[in-house]
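Below: one structure, written as structure tokens.
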Amino acid sequence: MPAAKNLALPTGYQLQDYEIRKVLSSGGFSFVYLARDKDKKIVAIKEYLPTSIALRTDGATVQPNADDVALFRHGLKCFFDEGLSLAKIDHKNIVRVINFFRANETVYMVMQYERGKSLQDYILGQAEPVSEKFVRRVFAELSNGLREVHTQKLLHLDIKPANIYIRLDGSPVLLDFGSARMALSESQAKIAPSYTPGFASPEQYYDRKLLGPWSDIYSIGATMYSCLTRTSPLAANQRIKKDLMIPAMKLGKDNYSSNLLEIIDKCLSLDYLQRPQSVFSLQKALLENMPEAPEIQKKTSLVNKIVGMLNKNI
């Protein structure tokens, strides 16, 4: 018998100080809503609702299945703890958690709403593969935020193009942490795996005791690889059986420097010890060989410099 489908909170629903406007996304673990606070400011609200072990009853209340109460509460605690940890992080490249609270027998995380588009949509919207300068800049900036996450003893565990948002000013922000989902899927097989094939590290499949910053670094490498190819890399569990993934060094040699392609291939090493061991070392590598500005910009800069010198002499 198929599991009953959970319904989202309806448009216009008053959730404490927030009015639900529409559903932004839904999955096996949560709903994310667009909402408006009492000052009419737009926010995003994430609701803990693992579909395979809980149902919404009596209109809004979330009720775990009789056999899954302990598992539901374990996930709820992980979700709440994650919200607490994220609320301590105030960084422009990490989604800002501005409130979290309990209601309807579950937990809600209120986040700053970002305007722009996902990296996935950005990549697919370009007529040509994105430039090397774009790749280096976006992931070097994103690394600033991820370093702060790792400092808080958190891992993201679901870095992929759909979870990186490119704001209107071009700056990236990292969304939708997967830590609480992973805690649930570790506990019981009935929970859908929290990883995204192609972007999850090998240790997320086979040995989660080995998880560390290098696991998020694998996902960054996979996301950079997708910038080159506009597709997901081969899933790590398939690569372990027989690695048929074409290295970035071969795939991107006509459009990108060998240095950048080598960085991507190192991040995608199946052996976690062969990857950069910290986000700082990855960030340093990305910034060391940033392409120079186009020739026309260099000439304009030189002209401005000369004009400034002349003005000083007048």
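Tabulated data
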{"read-out": "Check on K40, closer than 22 Å to T11 by Cβ and in a loop (DSSP other than H, G, I, E, B)", "value": "yes"}
{"read-out": "Selection count where residues are touching a Phe, Trp or Tyr at 6+ places or on another chain (Cβ under 8 Å), of a type in the set (A, V, I, L, M, F, W, C) and more than 30 Å from S226 (Cα to Cα), scope region 88-109", "value": "3"}
{"read-out": "Residue satisfying all of: in region 109-154; assigned to a loop (DSSP other than H, G, I, E, B) and charged (D, E, K, R); farthest from the chain's Cα centre (by Cα) among these", "value": "E128"}
{"read-out": "Complete set of residues in region 215-254 that are of a type in the set (S, T, N, Q), modelled with pLDDT of 95 or more and farther than 29 Å from K153 by Cβ", "value": "Q238"}
{"read-out": "Sole residue being at pLDDT 95 or above and over 23 Å from N163 (Cβ atoms), chosen from L273, L310", "value": "L273"}
{"read-out": "Test: residue in region 93-113 that is among the small types (G, A, S), surrounded by fewer than 17 Cβ atoms within 10 Å (Cβ to Cβ) and at pLDDT 95 or above", "value": "yes"}
{"read-out": "The lone exception for V62 - which of (1) farther than 24 Å from N163 by Cα; (2) surrounded by fewer than 20 Cβ atoms within 10 Å (Cβ to Cβ); (3) touching a Leu at 6+ places or on another chain (Cβ under 6 Å); (4) not hydroxyl-bearing (S, T, Y) it fails", "value": "(2)"}
{"read-out": "Members of region 58-75 that are closer than 25 Å to P10 by Cα and not β-branched (V, I, T)", "value": "D58, G59, A60, Q63, P64, N65, F72, R73, G75"}
{"read-out": "One residue from V135, V173, V97 being farther than 23 Å from R208 by Cβ, touching a helix residue (DSSP H, G or I) at 6+ places or on another chain (Cβ under 8 Å) and not assigned by TED's automatic domain parsing to the domain that holds Y225", "value": "V97"}
{"read-out": "Where a residue in region 57-72 is assigned by TED's automatic domain parsing to the domain that holds N104 and touching a residue at least 12 places away in the same chain (Cβ under 8 Å) and its partner, wherever it lies, is in a loop (DSSP other than H, G, I, E, B) and exposed (fewer than 15 other Cβ atoms within 10 Å of the Cβ), with Cβ under 6 Å and at least six apart", "value": "L71/Q188"}
{"read-out": "Considering residues of region 43-68 that are outside any strand (DSSP E or B) and more than 24 Å from the chain's Cα centre (by Cα) only, the residue nearest to Y113 (Cα to Cα)", "value": "A60"}
{"read-out": "Any hit, region 9-19, residues being buried (at least 19 other Cβ atoms within 10 Å of the Cβ), touching a residue at least 40 places away in the same chain (Cβ under 8 Å), farther than 20 Å from E114 by Cα and out of contact with any strand residue (DSSP E or B) (no Cβ under 7 Å at 6 or more places or on another chain)", "value": "no"}
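The values are calculated or read from the model by the stated rules, or taken from the named source; none is laboratory data. All figures in this text were calculated on a predicted structure; none of them were measured in a lab. Positions of Cβ are backbone-derived with ideal geometry, glycine not excepted, and every protein chain shown enters the neighbour counts.
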